[in-house]
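Encoded as structure tokens, the structure appears first; notes follow it.
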Amino acid sequence: MKLIFFGPPGAGKGTQAQKTSEEFNIPHISTGDILREAVKNETELGLKVKDILERGELVSDDIINKLVENKVVDMDSFILDGYPRTIEQAKFLDQALEKANKEIDAIIMIDVSEEEIVNRITNRRVCPECGKVYNLLTLKPKEDMKCDLDGAKLIQRDDDKEDTVRDRYRVYKKNTEPVIEYYRKNKKIFTINGSKDIKDVTKELFNILRGASSDDNN
Ligand code: AP5
């Protein structure tokens, strides 16, 4: 399956993409994770985008499109998490897939209110080693501030402070929300209420994906 997970910052795209990736064995491509890894390793790309990420602004379409292009063209299944985020990126993706004779099977829109997002993101902690995502209120690690998988000390993302979260939400409303309207014309969009418990969101999502994949087989 070729999927796009769409929604505001903190909607749960990464959380649900990790679960979907494990359940259906689909590679998870998160542009945010790729960029943060580059910042951590101080690569040329990382140095270029560090300040942009910290301010919660968008990295340029050219940079992002190049990061994603080879992956989507070469892979037979993927979950795109955090891409496309502008109409230009969506058009670029359409063209790249068309050239490779591929198309997106479903777009999953996870919807959550701004206040819930701020509450969630300011309480998010992540493992700097494996990327597993936790939440101090709703998804605590078994041992205080340590990753369940590898024991690394959990950290807060630089862009997860309240002011930056609100800026990211504004960027989402202005630049990214129009992308869903662009897709509404010719793609299957499934909207999920992301303010439910993580496991209920996962259940609804998996039901949708099982339906979408059986459609493919017909
Ligand atoms: P990116 O990493 O993509 O950030 P984002 O879209 O803002 O999304 P988040 O990772 O914050 O949230 P999420 O929806 O994955 O939620 P999560 O599952 O973690 O991008 C970061 C930056 O990179 C951007 O600001 C931009 O600068 C740049 N960038 C990336 N892609 C780009 C692109 N295409 N173009 C240009 N620039 C780009 O969950 C959040 C928290 O809530 C967690 O603590 C989790 O445990 C908790 N949670 C999840 N679900 C639930 C639930 N149902 N109930 C309660 N808690 C929940």
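The values are calculated or read from the model by the stated rules, or taken from the named source; none is laboratory data. Keep in mind it's a predicted model, so treat the numbers as computed, not measured. Please note: Cβ atoms are built from the backbone with ideal geometry, for glycine as well, and neighbour counts cover all protein chains shown.
Report yes if LEU67 is near the ligand (Cβ under 7 Å from one of its atoms), on the phi < 0 side of the Ramachandran plot and crowded, with 16+ Cβ neighbours inside 10 Å, otherwise no.
Values: near the ligand (Cβ under 7 Å from one of its atoms): no; on the phi < 0 side of the Ramachandran plot: yes; crowded, with 16+ Cβ neighbours inside 10 Å: yes.
Criteria not met by LEU67.
Need the failing condition index for THR138 against (1) among the β-branched types (Val, Ile, Thr); (2) surrounded by 15 or more Cβ atoms within 10 Å (Cβ to Cβ); (3) modelled with pLDDT under 95, just the number.
(2)
Hey, can you tell me all the residues within segment 79-96 that are crowded, with 16+ Cβ neighbours inside 10 Å and either more than 15 Å from the ligand (Cβ to nearest atom) or on the phi > 0 side of the Ramachandran plot (or both)?
Passing the criteria: only GLY82.
Can you find a residue that is over 16 Å from the mean Cα position of the chain (by Cα), assigned to a helix (DSSP H, G or I) and of a type in the set (Val, Ile, Thr) anywhere in segment 154-173?
At the first step, the residues of segment 154-173 found to be over 16 Å from the mean Cα position of the chain (by Cα) are 154-156, 158, 161-164, 166-167, 170.
Pick out the ones that are also assigned to a helix (DSSP H, G or I) and you get 162-164, 166-167, 170.
Next cut, of a type in the set (Val, Ile, Thr) only: 164.
Looking for residues that are over 16 Å from the mean Cα position of the chain (by Cα), assigned to a helix (DSSP H, G or I) and of a type in the set (Val, Ile, Thr), one finds at least one in segment 154-173, hence yes.
Inspect all residues belonging to segment 99-109 and state whether any of them is part of a helix (DSSP H, G or I) and surrounded by fewer than 17 Cβ atoms within 10 Å (Cβ to Cβ).
Initial filter on segment 99-109 (part of a helix (DSSP H, G or I)): 99.
Next cut, surrounded by fewer than 17 Cβ atoms within 10 Å (Cβ to Cβ) only: 99.
Looking for residues that are part of a helix (DSSP H, G or I) and surrounded by fewer than 17 Cβ atoms within 10 Å (Cβ to Cβ), one finds at least one in segment 99-109, hence yes.
Could you please give the count of residues in segment 128-148 that are of a type in the set (A, V, I, L, M, F, W, C) and either within 23 Å of ARG166 (Cα to Cα) or in contact with a helix residue (DSSP H, G or I) (Cβ under 7 Å, 6 or more places away or on another chain) (or both)?
The initial filter retains those residues of segment 128-148 that are of a type in the set (A, V, I, L, M, F, W, C), namely 130, 133, 136-137, 139, 145, 147.
Applying the additional criterion that residues be either within 23 Å of ARG166 (Cα to Cα) or in contact with a helix residue (DSSP H, G or I) (Cβ under 7 Å, 6 or more places away or on another chain) (or both) yields 133, 136-137, 139.
Total meeting the criteria: 4.
Could you tell me which numbered condition GLU54 fails, if it satisfies all but one of (1) in contact (Cβ under 8 Å) with a residue 12 or more places away in the chain; (2) closer than 23 Å to SER195 by Cα; (3) surrounded by fewer than 16 Cβ atoms within 10 Å (Cβ to Cβ)?
(2)
Within segment 1-48, can you find the residues that are outside any loop (DSSP other than H, G, I, E, B), aliphatic (A, V, I, L, M), more than 7 Å from the ligand (Cβ to nearest atom) and under 16 Å from TYR83 (Cβ atoms)?
Taking segment 1-48 and keeping what is outside any loop (DSSP other than H, G, I, E, B), we get 2-6, 13-24, 28-40, 44-48.
With aliphatic (A, V, I, L, M) added as a condition, the list becomes 3-4, 17, 29, 34-35, 38-39, 45, 47.
Applying the additional criterion that residues be more than 7 Å from the ligand (Cβ to nearest atom) yields 3-4, 17, 29, 34, 38-39, 45, 47.
Across segment 1-48, the qualifying residues are LEU3, ILE4, ALA17, ILE29, ILE34, ALA38, LEU45.
Select from segment 100-118 the residues that are free of Cβ contacts under 8 Å to residues at least 24 places away in the same chain and over 22 Å from GLU69 (Cβ atoms) and list them in ascending order. Working first, answer last.
In the first step, residues of segment 100-118 are kept if they are free of Cβ contacts under 8 Å to residues at least 24 places away in the same chain; the result is 101, 115.
Matches in segment 100-118: GLU115 only.
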